[in-house]
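Heads up: the structure comes next, in structure tokens.
The values are calculated or read from the model by the stated rules, or taken from the named source; none is laboratory data. Quick caveat, the model's predicted, so the values are computed rather than measured. For neighbour counting, all protein chains shown are included, and Cβ atoms are generated from backbone atoms with ideal geometry for every residue, glycine included. With ligands, DNA and RNA removed, areas are computed over all heavy atoms of the protein, side chains included. Shrake-Rupley method; radii C 1.70, N 1.55, O 1.52, S 1.80 Å.
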Amino acid sequence: MNTVPQRQFGKLDLRGSVIGLGTVKWGRNQKVKYAPFELPSDEALVQLLDTAESLGINVIDTAPAYGISEERVGKLLQGRRERFLLMSKVGEEFVNGESHYEFSAAGVERSITRSLQRLHTDRLDLVMLHCAPDDLSAITGSPALETLAKLKAKGLLRYYGVSSMTLEGGMKAVELSDAVMVAWNFEYRAQEEVLRAAGRQGKAALLKRALLSGNLHQPSTGKNLVETCVHAALDLPEVSSLVAGTINVTHLRENAAAAMNWSRGG
Ligand SMILES: NC(=O)c1ccc[n+]([C@@H]2O[C@H](COP(=O)([O-])OP(=O)(O)OC[C@H]3O[C@@H](n4cnc5c(N)ncnc54)[C@H](OP(=O)(O)O)[C@@H]3O)[C@@H](O)[C@H]2O)c1
């Protein structure tokens, strides 16, 4: 069976599928930008993860701010953790329906300890600062990145980076860390310079919102834009992995198929 291609993550010692699995909807359905939905059952998530694995999708993105996502991912990865590249975040907490941000050294350490417990692992592959719109205050105005560097030296994580919000924040993230996660899709290219900088400097570059946050149906033509989105993202050689959020197995297969039939140069 065909599987999703993999890419080297910049010059990092990480190699992962060009489609990743985003897990916001695994754990949280409040204050999200998607159409209303019920959290999936445990059975549905087993099917989703089994399907992802069979398609060769080995990148999983979670975060403490995604409600019960980390606990659910951790439970499902037991016995197969080493077959996945596991990415979580620090800095944002979602409590009682509200986001709070905490980038102190103690807050970052506490968050990593808790993520390791919830994910049943002793090391995370990649940890991102989960930034608020004012991303520079966390990147350059807090001890968060230097704390992640210390935790990396202790072996609790392999690499760290920033899920950035602004062009300036993304450029700083490339300069100061191993990886960046940027909002990019074929209709929103305002931060493409960050991806190019990541490519030049050998840093990992991950995409969020690459599937237009799910608005994939073009009303004027009736066309499904999945393939357009996936191919446009993979045409950028700097992109390590496009993290696509889904709780729908049919969508997962569709996204994987689009990646499998992408070929460089169209
Ligand atoms: N600040 C941050 O760090 C940050 C922010 C946003 C996102 N993220 C990460 O990036 C991931 C993706 O971001 P995103 O959710 O903003 O953007 P996205 O992947 O562009 O969109 C996700 C939406 O697309 C839908 N979808 C996926 N595949 C589809 C298909 N083939 N056909 C139709 N609909 C489809 C999903 O619905 P179904 O469930 O119905 O498939 C979901 O509602 C998140 O899960 C998260 O892991 C990080």
Lone qualifier among Arg83, Arg72, Arg28 - being of a type in the set (Lys, Arg), open to solvent by less than 50 Å² (accessible area, probe 1.4 Å) and out of contact with any helix residue (DSSP H, G or I) (no Cβ under 6 Å at 6 or more places or on another chain): Arg28
Among (1) among the aliphatic types (A, V, I, L, M); (2) within 12 Å of the ligand (Cβ to nearest atom); (3) without any contact (Cβ under 8 Å) to a residue 12 or more places away in the chain, the one test that Ala153 misses: (2)
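The rows are residues; the columns are (1) among the acidic types (Asp, Glu); (2) more than 15 Å from the ligand (Cβ to nearest atom); (3) modelled with pLDDT of 95 or more.
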position: Leu157; (1), (2), (3): no, yes, yes
position: Gly161; (1), (2), (3): no, no, yes
position: Ser164; (1), (2), (3): no, no, yes
position: Ala204; (1), (2), (3): no, no, yes
position: Arg209; (1), (2), (3): no, no, yes
position: Ser213; (1), (2), (3): no, no, no
position: Ala244; (1), (2), (3): no, no, yes
position: His251; (1), (2), (3): no, no, yes
Number of positions in the range 1-25 that are away from the ligand (no atom under 11 Å from the Cβ) and either over 17 Å from Glu254 (Cβ atoms) or open to solvent by 30 Å² or more (accessible area, probe 1.4 Å) (or both): 15
The lone exception for Phe94 - which of (1) surrounded by fewer than 14 Cβ atoms within 10 Å (Cβ to Cβ); (2) not in a helix (DSSP H, G or I) it fails: (1)
Conditions (1) within 16 Å of the ligand (Cβ to nearest atom); (2) in contact with a Phe, Trp or Tyr (Cβ under 7 Å, 6 or more places away or on another chain); number of the one not met by Asn185: (2)
Some residue of the range 99-106 being within 14 Å of Val194 (Cβ to Cβ), modelled with pLDDT of 95 or more and open to solvent by less than 50 Å² (accessible area, probe 1.4 Å): no
Single match in Ser220, Ser241, Ser213 (criterion: in contact with a Lys or Arg (Cβ under 9 Å, 6 or more places away or on another chain) and open to solvent by 10 Å² or more (accessible area, probe 1.4 Å)): Ser213
